[in-house]
Amino acid sequence: MPIIGDTYYSSCPVCGTSCNAAEHNLWKIPFSKVENCHYGKLSLPRLPLLNSEDIYWYTQCPNTKCRTVFLDPCPSTYWDNRDNDHHVRKAQTRQDWPSYQTRVHELFTVSVPTYDLVIDVATGGCQCLTIMKELSLPWKRMIATDIRNSSVQYAKLLGFEGYQHDICDPNVPWEGKANYIIFAEAFEHVRSPLLAFHRMVDLLAPEGYLYTTAIAREGALPIRPGENMMTTEEALQGLVQSCGLQIRTKLLQSGRWKLILQKP
């Protein structure tokens with residue numbers, strides 16, 4: 001049976017602890033691919049089946065203060081440009097729009113004194129930026145980044161600055177420090193959240209905020225194909241500390257950790 005992925009991790013992508021052969025591939029799960037069906041405006045989720053030809057291997061970090069579970073091996077091409085435009089089509093029809101409005105409300109449970117630059121990393125369909133624009137928030141610059149060219153082109157069509165970029169890449173194609181960075185539902189999809197967080201700290205202005213979500217091992221969400229990483233509260237606290245950030249809000253909700261972090 002074919003194994004999903006071709007690149008093994010030598011260390012945990014959240015805390016950096018070395019993973020030897022004993023820690024690799026604790027779970028080998030045959031997963032069918034999952035795509036939601038739609039009947040009119042009703043979204044009908046499909047569950048992965050175990051009679052698939054595709055096998056997903058997962059590793060658990062050996063660090064007892066982390067215990068992140070991650071897809072291992074992972075696909076080396078997963079972070080490259082993909083041609084699918086699912087997120088753009090979702091935004092164009094305003095699918096699940098109330099959930100994005102709720103997210104924007106969550107962003108501003110902290111006080112933002114300066115509105116020079118906001119960056120939406122892994123923007124998808126630019127939902128958060130669009131809602132902020134419609135609320136007439138006084139951002140001088142609004143940047144959308146994504147690995148998908150379709151998302152970047154859609155961002156430009158909406159009037160935002162758009163850049164095709166992997167947040168783990170140190171080469172940033174724009175200038176300026178952000179007062180707010182949004183990193184929502186992307187933690188489990190980047191190659192290394194540890195590297196991504198350090199990159200985003202470099203992009204933050206002093207006293208700037210970082211909003212992030214992460215699938216929680218403490219939550220009740222099942223492991224699903226395409227959700228490549230499940231982490232813990234203790235792991236997130238260690239990650240935040242390693243980056244020199246301060247936790248302003250922290251909430252476990254709907255199987256995900258939601259945090260607002262601030263750079264001193």
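The values are calculated or read from the model by the stated rules, or taken from the named source; none is laboratory data. Since the structure is predicted, the reported quantities are computational estimates derived from the model, not experimental observations. Every residue, glycine among them, receives a Cβ derived from its backbone with ideal geometry; neighbour counts consider all protein chains shown.
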Response to the item:
For THR213, the lone unmet condition from (1) assigned to a loop (DSSP other than H, G, I, E, B); (2) within 19 Å of VAL69 (Cα to Cα) is (1)
Fill in: TYR163 in contact with a helix residue (DSSP H, G or I) (Cβ under 8 Å, 6 or more places away or on another chain), closer than 14 Å to CYS126 by Cβ and without any contact (Cβ under 8 Å) to a residue 24 or more places away in the chain
yes
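The rows are residues; the columns are (1) in contact (Cβ under 8 Å) with a residue 40 or more places away in the chain; (2) exposed (fewer than 15 other Cβ atoms within 10 Å of the Cβ); (3) more than 16 Å from the chain's Cα centre (by Cα).
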residue	(1), (2), (3)
LYS90	no, no, yes
TYR100	no, no, no
ARG103	yes, no, no
SER111	no, yes, yes
CYS128	yes, no, no
ILE131	no, no, yes
TRP139	no, no, yes
ALA144	no, no, no
Worksheet item: From the list GLU207, GLU234, which one is farther than 20 Å from TYR78 by Cβ, in a strand (DSSP E or B) and modelled with pLDDT of 95 or more?
Response: GLU207
Worksheet item: Quick one: in segment 62-78, which of the residues that are β-branched (Val, Ile, Thr) and touching a strand residue (DSSP E or B) at 6+ places or on another chain (Cβ under 6 Å) is nearest to GLY5 (Cα to Cα)?
Response: VAL69
Worksheet item: Is there any pair with a first residue in segment 9-36 that is within 21 Å of ILE55 (Cα to Cα) and a second that is among the charged types (D, E, K, R) and modelled with pLDDT of 85 or more whose Cβ atoms are under 6 Å apart and which are 6 or more apart or on different chains, and what are they?
Response: TYR9/ASP72
Worksheet item: Can you tell me which residue in segment 87-123 is nearest to GLU161 (Cα to Cα), limited to those that are of a type in the set (D, E, K, R) and in contact with a Lys or Arg (Cβ under 8 Å, 6 or more places away or on another chain)?
Response: ASP116
Worksheet entry | Candidates GLY219, GLY238, GLY176 - the one that is at positive phi, surrounded by fewer than 21 Cβ atoms within 10 Å (Cβ to Cβ) and over 12 Å from the mean Cα position of the chain (by Cα) | GLY176
Worksheet item: Looking at segment 246-262, is at least one residue outside any strand (DSSP E or B) and farther than 22 Å from CYS128 by Cα?
Response: no
Discussion item. Is it the case, given these coordinates, that TYR78 is farther than 15 Å from ILE181 by Cα, surrounded by 17 or more Cβ atoms within 10 Å (Cβ to Cβ) and modelled with pLDDT of 95 or more?
Written reply: no
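A quick yes/no check of all residues on (1) in contact with a helix residue (DSSP H, G or I) (Cβ under 7 Å, 6 or more places away or on another chain); (2) not hydrophobic (A, V, I, L, M, F, W, C):
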{"position": "ASN81", "(1), (2)": "yes, yes"}
{"position": "THR93", "(1), (2)": "no, yes"}
{"position": "PHE108", "(1), (2)": "no, no"}
{"position": "ALA122", "(1), (2)": "no, no"}
{"position": "LYS140", "(1), (2)": "no, yes"}
Response to the item:
Cβ pairs under 6 Å, 6+ apart or interchain, first in segment 242-264 and closer than 23 Å to PRO13 by Cβ, second modelled with pLDDT under 95, ordered by first then second residue, are GLY255/GLY219; GLY255/ALA220; GLY255/LEU221
